[in-house]
Amino acid sequence: MNLRQKRAAALAAAQAIVEGAKSAVRSMTTEEKSEVEGHLKEVEALDAQIKDGDADQARLSRLAELTPEAKAGRTSEDEGKDIARTLGEHFAKSVGEAGFAQLKAISGHTVSAPEFVKVAADPQLTTGASFGLMLAEVDRTIVHANRPGPVVADLLGAGTLSGNAVTYFVEGALEGDFATVAEGGAKPQFHNVDPTAVTDALKKIAGWWDTSDEMVEDLPFMVSEINNRGLYRLSMVEEAQLVNGLGTGSTVRGLLNRVGIQTEVQAIAPDSAQDALFRAITKVQTATGLPADGIIIHPTDYQKLRLSKDANGQYFGGGFFSGQYGNGGIVSQPPLWGLTTVVTAAVAAGTAIVGAFKQSGTVYRKGGVRVESTNSDLGKFASNIITTRIEERVALALRIPLGIVKVTLL
């Protein structure tokens with residue numbers, strides 16, 4: 001019997017004891033718990049031996065790959081095949097079968113995985129800024145859930161923190177400037193008046209939910225729960241904080257609660273929402289010298305623009321079968337004035353945000369997304385309930401408030 005067969009036998013023995021107690025509708029005895037722990041320790045020891053053997057084999061394989069013949073036969077599909085592509089896969093790979101078995105069998109047990117961060121080479125993880133036993137060198141940026149189109153964090157710059165807060169300077173108006181100078185003449189001075197130091201601390205966004213241990217047995221289900229329920233909802237709350245957070249207590253200070261941002265208001269007809277948005281684009285550039293690069297708008301406000309028609313009844317943004325006046329194909333979410341447009345309920349109806357987001361602000365993160373599961377929460381081991389928690393730490397820095405314009409729409 002080889003190592004993997006021994007491991008399978010030990011794991012099956014532990015599971016048989018657990019299932020025997022469950023089928024008898026009783027808790028395991030002290031002797032049974034001890035026996036299960038013994039089998040699981042054997043599984044862990046065998047895992048270590050298997051890992052060492054795999055590492056030796058991998059070293060031999062890498063040596064073989066140094067030959068031109070081996071490199072020529074390697075396909076792109078072989079690259080990174082051991083790297084988990086999602087937070088759920090990362091958690092399942094890191095914990096492993098033995099970890100999940102312990103979570104079910106041993107009271108007070110908790111399993112966790114290293115923080116989940118983005119693998120830069122992974123085409124599925126390039127939306128934002130949200131991973132496996134073999135981690136590549138990574139860009140430590142959260143991976144957003146699978147939401148169509150861009151999200152607010154995509155508009156902003158991305159950074160990482162090793163501490164718990166970031167201090168930066170918000171500069172005042174420019175005083176003086178470059179000028180032409182005669183030979184031997186005095187050169188002009190220029191500087192930003194009274195830069196103000198601002199500190200934004202990391203804030204934690206977290207949540208948890210319960211599943212039964214029968215569900216934990218279905219690893220694909222656990223993976224989808226983490227990715228679809230957990231990571232998706234996390235990204236929604238993060239987006240709301242980046243836009244509207246008050247900056248008090250445990251909340252992030254969002255874009256709309258910053259001192260010094262500009263405002264624009266849509267007047268009564270014949271003024272239109274699209275006119276007000278363009279005036280905001282102009283305000284960004286005239287006040288900062290930076291071109292606006294994005295718009296954040298509520299779905300109902302975007303709907304009014306998307307369904308607006310000219311005097312001939314033609315949709316300005318193209319109809320439901322083709323582009324404007326039958327030209328070109330349909331764009332599912334056409335950008336407004338050519339700028340990246342984030343359509344989200346994180347901003348209130350009747351309010352839009354226009355900005356030079358990438359230059360003006362940065363979303364800072366410490367590490368990645370952390371996920372942990374435990375059966376020790378509120379005595380849930382006796383009820384076969386597993387609690388899973390997901391959390392992240394983020395901060396928003398806004399260096400150029402004038403690069404952001406709050407637009408009030410009718």
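Say the cut-off is 21 Å between C-alpha atoms; which of Lys22/Lys51; Lys33/Lys93; Lys283/Lys406; Lys203/Lys283; Lys204/Lys366; Lys93/Lys204 go over it? If you can, show how the numbers build up before the last one.
On the way: Lys22/Lys51 32 Å; Lys33/Lys93 25 Å; Lys283/Lys406 11 Å; Lys203/Lys283 31 Å; Lys204/Lys366 10 Å; Lys93/Lys204 25 Å.
From Lys22/Lys51; Lys33/Lys93; Lys283/Lys406; Lys203/Lys283; Lys204/Lys366; Lys93/Lys204, over 21 Å: Lys22/Lys51; Lys33/Lys93; Lys203/Lys283; Lys93/Lys204.
Ignoring ligands, DNA and RNA, what accessible area per residue does the range 213-347 give at 1.4 Å, in Å²?
Spelled out: the 1.4 Å probe surface of the range 213-347, per residue, equals 52 Å².
How charged is the neighbourhood of Ala280? Take every other residue with its Cβ under 14 Å from the Cβ of Ala280, and add Lys/Arg as +1 and Asp/Glu as -1. All intermediate terms of the calculation are to be shown ahead of the outcome.
Numbers: positive: Arg279, Lys283, Lys406; negative: Glu264, Asp271, Asp275, Asp293, Asp301.
Net charge around Ala280: -2.
By accessible area of protein heavy atoms, probe 1.4 Å, what ranking do Ser162, Ser308 get, highest first?
On the way: Ser162 115, Ser308 30 Å².
Largest to smallest exposure gives the sequence Ser162, Ser308.
Leaving out ligands, DNA and RNA, what percent of the accessible area of the range 277-338 is carbon and sulfur, probe 1.4 Å? If you can, show how the numbers build up before the last one.
Working: 2160 of 3690 Å².
C and S fraction of accessible area: 58 percent.
Take each of the peptides 188-195, 245-252, average the number of other beta-carbon atoms within 10 Å over its residues, and list them starting from the highest.
Values: 188-195: 10.9, 245-252: 14.1.
So the order, starting with the most tightly packed, is 245-252, 188-195.
Which whole-number percentage describes the relative contact order of the range 344-410, with Cα contacts under 8 Å and a sequence gap of 6 or more?
Computed over the range 344-410, the figure is 50 percent.
Ranked highest first by the average count of other Cβ atoms within 10 Å around their residues, in what order do 6-14, 149-157 fall? Don't skip to the end; give the middle numbers.
Values: 6-14: 17.3, 149-157: 21.4.
Descending packing order for the listed peptides: 149-157, 6-14.
Taking loop as defined by DSSP and a crowding limit of 14 other beta carbons within 10 Å, which chymotrypsin sites (Phe, Trp or Tyr not before Pro) in the range 312-404 fit?
Phe316, Phe320, Phe321, Trp337
If we sort 395-402, 222-229 on the protection proxy, mean other Cβ atoms within 10 Å, highest first, what's the order? Let's see the in-between values first.
On the way: 395-402: 20.9, 222-229: 18.8.
Highest mean packing first, the order is 395-402, 222-229.
For Ala8 and Glu372, what is the calculated FRET efficiency with R₀ set at 25 Å and r taken between the beta-carbons, to the nearest 0.05? Could the numbers behind the result be given before it?
Numbers: r = 27 Å, r/R0 = 1.07.
The pair Ala8/Glu372 has a calculated efficiency of 0.40.
Taking the alpha-carbon centroid of each part, what is the distance from the range 11-37 to the range 343-410 in angstrom?
Spelled out, the Cα-based centre of one part sits 42 Å from the other.
Please state the relative contact order of the range 210-332 as a whole percent: Cα pairs under 8 Å, 6+ residues apart? Before the final figure, lay out the partial values.
Values: 86 pairs, mean separation 9.8, N = 123.
Relative contact order, the range 210-332: 8 percent.
Once phi is turned into ³J(HN,Hα) by the Karplus curve 6.51 cos²θ - 1.76 cosθ + 1.60 with θ = phi - 60°, what whole-Hz value does each residue of the range 240-251 show in order, with x for glycine and proline?
Along the range 240-251, the couplings run 4, 5, 5, 8, 10, x, 7, x, 10, x, 8, 8 Hz.
The values are calculated or read from the model by the stated rules, or taken from the named source; none is laboratory data. What you see is a predicted model, and the numbers here were worked out from it, not measured in a lab. Cβ: placed from backbone, ideal geometry, glycine included. Neighbour counts: every protein chain shown. Calculation scope for accessible area: heavy atoms of the full protein, side chains included, ligands and nucleic acids excluded. Shrake-Rupley method; radii C 1.70, N 1.55, O 1.52, S 1.80 Å.
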